[in-house]
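To start, the structure itself, in structure tokens.
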Amino acid sequence: MSRLASFVPILLSLSLLAGCAQWPVDGGSSNYPNRLLKITVEFADPINPSYYYFMCFDTDGDRETGPLPIPTGPFWGNGWGTGVISAYVMYHSGQFRVSRPRVLSALVEPSGGILDVGGNPEPPISGSHLVRIDAVALGEATIEGTGMVTGVTNAASQNAGQYTLATDATGAVVAGSVAFTPAEVGGRELTTQEQAVLDALNVGGAALGANSLALLGLTLELGPPVAASQTITVAPTTGTVTDRFSSYFGVNDTTSTGAIYANAVHPGPEPVIPGMSFRTGQLSSPATVEIITQYEATVDDLGPPFDYEYPEVGGRELTVSVDMAQIGDPLDEIQFNIIATDTLPLNPEIVLDKSYDGLGPDGTTFVTLPIDTNRKLHNADAALPEGAGDVFLGALSSNDLQLGELDIVDWSVEVSVRATTAQF
């Protein structure tokens, strides 16, 4: 069961609540954003500036994914958030900052010829990928040029590239004519044992046989002896793979299929995890690797938000205005969550629970906000409104923690869209 809440059906019956435009008839100064979100969050007790308060956004357009709190280790990532987070506003130590998270991908243990991974998954999402190599298909071998070799079969080679060779009129290999050039994708340099096969042929004078390249995984089909030069091309070997992705709370779990290349650093002909490359050797199946993707502690700082109000001493509200262009200028809607926590654990040796609050009973009820026109969205209008007294208390918190300082009790989001008329 999905744990997201959408405002779209509810808002069909709501009037546009924003009222008059904030900008003049001619569109106003270019310093004003085209679209602005004014977010107000209320807590049960006064805000503690030493704690961490996040207003986070998912702009990928998928209503089934969104920002989630991270409840426990060892894969802490940034120490507070998981799921899909495109950008966020943080309030901490009296400062508001807008940031874009970075995703760190790590292979737990090589297997099946998958040696390492790199890149950032798109959309940015953290969790565990179990990538299984289901089958391996050797690249097709073909022959170019008319000569003694009439056909070639790839019996075992996963090394993509081109072999050149020449024979004389007696069918003997011409000295120095045999060479291999690895393909840019799917090829590698020959091993010492493989190169020894070519070196022996390059002495010259030996009759070319069906098994002359057998130690390289190729079987030749031969016709009558003839003097000629020919090229054998071996296409990249591919492995079909299945990725089973699991995130915290099971909210963003997916299964997808694709293909990767052997002997390459490449996303593959059918990327199974968009944005990620696989460093591979010789593939084997079945084999499964685990890839952990998590948000790094370091981020891309996007500067302060467009506007904000510092909470008063003893104040229980945070108010911030976000320019949609600053977080990627999403189209018609975004997924939104509010996450509050007292600590940001990063040490993977810590596997205890932490304290946090988010929207919904367990923090996972991110909401879909339409941002295409002026309106004001309220907690009370959500399919599952946020209520008081639902902070998760973890063992990592100190005895000094006041739960009310994390307890989200109400929120609203006002959407303002630049218009060319004085009224909406």
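If you go through segment 363-376 and keep only what is surrounded by 17 or more Cβ atoms within 10 Å (Cβ to Cβ) and assigned to a loop (DSSP other than H, G, I, E, B), you end up with 363, 365, 366, 371, 374. Pairing residues of segment 298-310 that are in the same structural domain as residue 324 (by TED's automatic domain parsing) and at pLDDT 95 or above with residues that are surrounded by 14 or more Cβ atoms within 10 Å (Cβ to Cβ) and outside any strand (DSSP E or B), at Cβ distances under 8 Å and at least 6 apart in sequence or on separate chains, gives 302/326; 302/327; 303/326; 305/326; 306/33; 306/326. In segment 160-186, of all residues being in a loop (DSSP other than H, G, I, E, B) and more than 27 Å from residue 237 (Cβ to Cβ), the one that is nearest to the chain's Cα centre (by Cα) corresponds to 176.
Using the structure shown, decide if residue 329 is in a strand (DSSP E or B), among the charged types (D, E, K, R), surrounded by fewer than 17 Cβ atoms within 10 Å (Cβ to Cβ) and assigned by TED's automatic domain parsing to the domain that holds residue 392. No, not satisfied.
Of the listed requirements (1) surrounded by fewer than 22 Cβ atoms within 10 Å (Cβ to Cβ); (2) farther than 28 Å from residue 301 by Cβ, residue 131 misses just one: (1).
For segment 370-391, indicate whether the set of residues that are among the hydroxyl-bearing types (Ser, Thr, Tyr) and closer than 22 Å to residue 98 by Cα is non-empty. No, because not a single residue in segment 370-391 is among the hydroxyl-bearing types (Ser, Thr, Tyr) and closer than 22 Å to residue 98 by Cα. Considering each residue of segment 63-78 in turn, at least one proves to be farther than 25 Å from residue 355 by Cβ and in contact (Cβ under 8 Å) with a residue 12 or more places away in the chain.
Looking across segment 290-328, the residues that are under 30 Å from residue 118 (Cα atoms) and of a type in the set (Gly, Ala, Ser) come down to 297, 303, 325, 328.
Only one of the listed residues (239, 281, 250) is more than 15 Å from the chain's Cα centre (by Cα) and without any contact (Cβ under 8 Å) to a residue 12 or more places away in the chain. That residue is 250.
Residue pairs whose Cβ atoms lie under 8 Å apart, sitting 6 or more positions apart in sequence or on different chains, and linking a residue in segment 114-139 that is assigned by TED's automatic domain parsing to the domain that holds residue 73 and at pLDDT below 95 to a partner that is in a strand (DSSP E or B) and not hydrophobic (A, V, I, L, M, F, W, C), do not occur here. Which of the residues spanning segment 167-184 are under 30 Å from residue 261 (Cα atoms) and surrounded by 15 or more Cβ atoms within 10 Å (Cβ to Cβ)? 177, 178, 180, 182, 183, listed by residue number. The single residue among 283, 218 that is buried (at least 16 other Cβ atoms within 10 Å of the Cβ), more than 30 Å from residue 126 (Cβ to Cβ) and at pLDDT 95 or above turns out to be 218. Quick check on segment 187-205. Is at least one of its residues touching a Phe, Trp or Tyr at 6+ places or on another chain (Cβ under 7 Å), farther than 13 Å from residue 141 by Cα and either of a type in the set (Val, Ile, Thr) or in a loop (DSSP other than H, G, I, E, B) (or both)? Yes - at least one qualifying residue is present in segment 187-205. Once segment 108-123 is narrowed to residues that are surrounded by 15 or more Cβ atoms within 10 Å (Cβ to Cβ) and within 14 Å of the chain's Cα centre (by Cα), the residue that is farthest from residue 268 (Cα to Cα) is 123. Report yes if residue 287 is among the aliphatic types (A, V, I, L, M) and assigned by TED's automatic domain parsing to the domain that holds residue 45, otherwise no. No; evaluated as a whole, the condition is false for this residue.
Among the residues making up segment 247-270, a single one is in a strand (DSSP E or B) and of a type in the set (D, E, K, R): 270.
Here's the yes/no breakdown for (1) under 30 Å from residue 159 (Cβ atoms); (2) not in a strand (DSSP E or B):
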site	(1), (2)
75	no, yes
82	no, no
102	no, no
109	yes, yes
116	yes, no
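Considering 350, 339, 273, the condition of being surrounded by 14 or more Cβ atoms within 10 Å (Cβ to Cβ) and either outside any loop (DSSP other than H, G, I, E, B) or charged (D, E, K, R) (or both) is satisfied by 339 alone.
The values are calculated or read from the model by the stated rules, or taken from the named source; none is laboratory data. These numbers were taken from a predicted model, which means no experiment stands behind them. Because the Cβ atoms are built from the backbone with ideal geometry, glycine has one as well, and the counts that use them run over all protein chains shown.
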